[in-house]
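Undergrad: Take a look at this one; I'll ask things after.
The values are calculated or read from the model by the stated rules, or taken from the named source; none is laboratory data. Bear in mind that the values here come from a model prediction, so they are computed numbers and not experimental data. So basically every Cβ, Gly included, is an ideal-geometry build from the backbone, and we count neighbours across all protein chains shown.
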Amino acid sequence: MESRIAQERGGDRTVQAALVTSLRRSLPALAAAVGILLTAACGLNSSSSSSAGGQRSSAAPLSTSSALTGVQSPHDFAPGVEEQIGEALIGPDLDVVDVRSVPLESPYADDVLSPVCGNRPGGGVYLSAFGQRRQWTGPDLEIEQFSGAWGVIPAAEAVAQVRGKLGCGTYREREGPHRVLGERHLPKLAGLDGQLMFCEVVDEDGPERPTYICTALLARDGVATRIQARATGADQAEQLVGELSVQAARALTAEP
């Protein structure tokens, strides 16, 4: 009897040992299966909580499209365009009586091609890239040239966008109210894809003499340049910009 009980107990221990060994071997697989089930459950909960708020699960993130921000990507430009910006600048000395160059803390700055009539980045209007500028001054006279690159749209399209803004009539900037005097005739300049010249007057009803501003915009491929003169006389500003536009067009279209 005792021998049989001992045999039965020994058999029980053998069975228990086998069960324990089997459990130990199956635990990793069991844990993995439980992990998969938990992950699936979390995914379902996340999906249902996202869709519970209506269309949250399908809503697109806030757009950072360059068309909305007006900021161009470095990948939008043709190789070598940065070098073309410096080559498009005239001067630094101008053949204009009593006009001298103005030292700038930095010549590098980007801008819209023209801020006329509240033209601002966004809505398909783009800031330049690799922008550079030069300035000159004289008696009752200021001259500036700005050049920059456009890659998302051709530079000529940036000129056309400005032309489309000129019908605003009046607008206000920090320096005072502006009244657009309209487009001015600029003889066709060889080699350009787009050109535009217009004039405006600032603070014409103020206590002091008004300032007349004339601007020429010239474009070729991915580069555009702006020539602008501010003077106390409308004829002086217009004549000067017309003359400097010829020089600027030559610089812009010159072969490297």
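Undergrad: Does ALA219 satisfy the criteria of being under 19 Å from GLU82 (Cα atoms) and in contact with an Asp or Glu (Cβ under 6 Å, 6 or more places away or on another chain)? Even if it seems obvious, please write down each step before you answer.
TA: Details: under 19 Å from GLU82 (Cα atoms): yes; in contact with an Asp or Glu (Cβ under 6 Å, 6 or more places away or on another chain): yes.
Judged against the criteria, ALA219 is a match.
Undergrad: Might you check whether a residue that is over 18 Å from SER128 (Cα atoms) and in a loop (DSSP other than H, G, I, E, B) occurs anywhere in segment 236-252?
TA: For segment 236-252, residues over 18 Å from SER128 (Cα atoms) and in a loop (DSSP other than H, G, I, E, B): absent.
Undergrad: Out of all the residues in segment 160-217, which are of a type in the set (A, V, I, L, M), in contact (Cβ under 8 Å) with a residue 60 or more places away in the chain and outside any loop (DSSP other than H, G, I, E, B)? Reasoning before the result, please.
TA: First pass over segment 160-217, keeping only residues of a type in the set (A, V, I, L, M): 160, 162, 166, 180-181, 186, 189-190, 192, 196-197, 201-202, 213, 216-217.
After this cut, where a residue has to be in contact (Cβ under 8 Å) with a residue 60 or more places away in the chain as well, the list is 180, 189-190, 192, 217.
Across segment 160-217, the qualifying residues are VAL180, LEU217.
Undergrad: Exactly one of these conditions fails for THR253: (1) in contact with a Phe, Trp or Tyr (Cβ under 7 Å, 6 or more places away or on another chain); (2) of a type outside the set (A, V, I, L, M); (3) within 28 Å of GLU83 (Cβ to Cβ). Give me its number.
TA: All conditions pass for THR253, except number (1).
Undergrad: Another question, then. For ARG230, are the conditions met, namely being within 17 Å of VAL116 (Cα to Cα), outside any helix (DSSP H, G or I), modelled with pLDDT of 95 or more and basic (Lys, Arg)?
TA: In short, yes.
Undergrad: On to the next question. Please enumerate the residues belonging to segment 200-236 that are touching a Leu at 6+ places or on another chain (Cβ under 8 Å) and aliphatic (A, V, I, L, M).
TA: VAL201, ALA216, LEU217, LEU218, ALA219, VAL223, ALA224, ILE227, ALA229, ALA231, ALA234 - these are the residues of segment 200-236 that are touching a Leu at 6+ places or on another chain (Cβ under 8 Å) and aliphatic (A, V, I, L, M).
Undergrad: In this structure, does ASP110 turn out to be among the acidic types (Asp, Glu), in a loop (DSSP other than H, G, I, E, B) and within 21 Å of the chain's Cα centre (by Cα)?
TA: Spelling it out, ASP110 is indeed among the acidic types (Asp, Glu), in a loop (DSSP other than H, G, I, E, B) and within 21 Å of the chain's Cα centre (by Cα).
Undergrad: While we're on this one: What residue, among those in segment 129-147 that are of a type outside the set (Val, Ile, Thr) and in contact with a helix residue (DSSP H, G or I) (Cβ under 9 Å, 6 or more places away or on another chain), is surrounded by the most Cβ atoms within 10 Å (Cβ to Cβ)?
TA: SER147
Undergrad: For segment 117-129, name all the residues that are under 21 Å from LEU196 (Cα atoms) and in a loop (DSSP other than H, G, I, E, B). Explain how you work it out, then say what you get.
TA: So in segment 117-129, the residues under 21 Å from LEU196 (Cα atoms) come out as 117-121, 124-129.
Selection gives ASN119, ARG120, PRO121, GLY124, TYR126, LEU127, SER128.
Undergrad: Next question. Which residue is surrounded by the fewest Cβ atoms within 10 Å (Cβ to Cβ), if the candidates are limited to segment 148-159 and must be among the hydrophobic types (A, V, I, L, M, F, W, C) and not in a loop (DSSP other than H, G, I, E, B)? Please lay out each step first, then the result.
TA: At the first step, the residues of segment 148-159 found to be among the hydrophobic types (A, V, I, L, M, F, W, C) are 149-150, 152-153, 155-156, 158-159.
Still in the list and also not in a loop (DSSP other than H, G, I, E, B): 149, 155-156, 158-159.
Numbers: ALA149: 24, ALA155: 27, ALA156: 21, ALA158: 24, VAL159: 23.
So the residue we want is ALA156.
Undergrad: If you check TYR126 against the conditions, is it among the aromatic types (Phe, Trp, Tyr), at pLDDT 95 or above, farther than 18 Å from ALA216 by Cβ and exposed (fewer than 14 other Cβ atoms within 10 Å of the Cβ)?
TA: Taking the combined requirement at face value, the residue does not satisfy it.
Undergrad: From the list SER73, SER114, SER106, which residue is over 25 Å from PHE198 (Cβ atoms) and at pLDDT 95 or above? Walk me through it before giving the result.
TA: Working: SER73 fails: at pLDDT 95 or above; SER114 fails: over 25 Å from PHE198 (Cβ atoms).
One residue alone meets the criteria, SER106.
Undergrad: Only one of (1) in contact with a His (Cβ under 7 Å, 6 or more places away or on another chain); (2) within 18 Å of VAL241 (Cβ to Cβ) is not met by TYR171, so which one is it?
TA: Only one criterion in (1) in contact with a His (Cβ under 7 Å, 6 or more places away or on another chain); (2) within 18 Å of VAL241 (Cβ to Cβ) is unmet by TYR171, namely (2).
Undergrad: May I pose another question? Go through segment 64-75 and give me each residue that's within 10 Å of the chain's Cα centre (by Cα) and either within 13 Å of SER128 (Cα to Cα) or of a type outside the set (Ser, Thr, Tyr) (or both). Can you show your working first?
TA: Kept after step one, since they are within 10 Å of the chain's Cα centre (by Cα), are these residues of segment 64-75: 65-74.
Answer for segment 64-75, where residues must be within 10 Å of the chain's Cα centre (by Cα) and either within 13 Å of SER128 (Cα to Cα) or of a type outside the set (Ser, Thr, Tyr) (or both): SER66, ALA67, LEU68, THR69, GLY70, VAL71, GLN72, SER73, PRO74.
Undergrad: Can ASP98 be described as of a type in the set (Asp, Glu), over 19 Å from THR69 (Cβ atoms) and touching a Gly at 6+ places or on another chain (Cβ under 6 Å)?
TA: It is true that ASP98 is of a type in the set (Asp, Glu), over 19 Å from THR69 (Cβ atoms) and touching a Gly at 6+ places or on another chain (Cβ under 6 Å).
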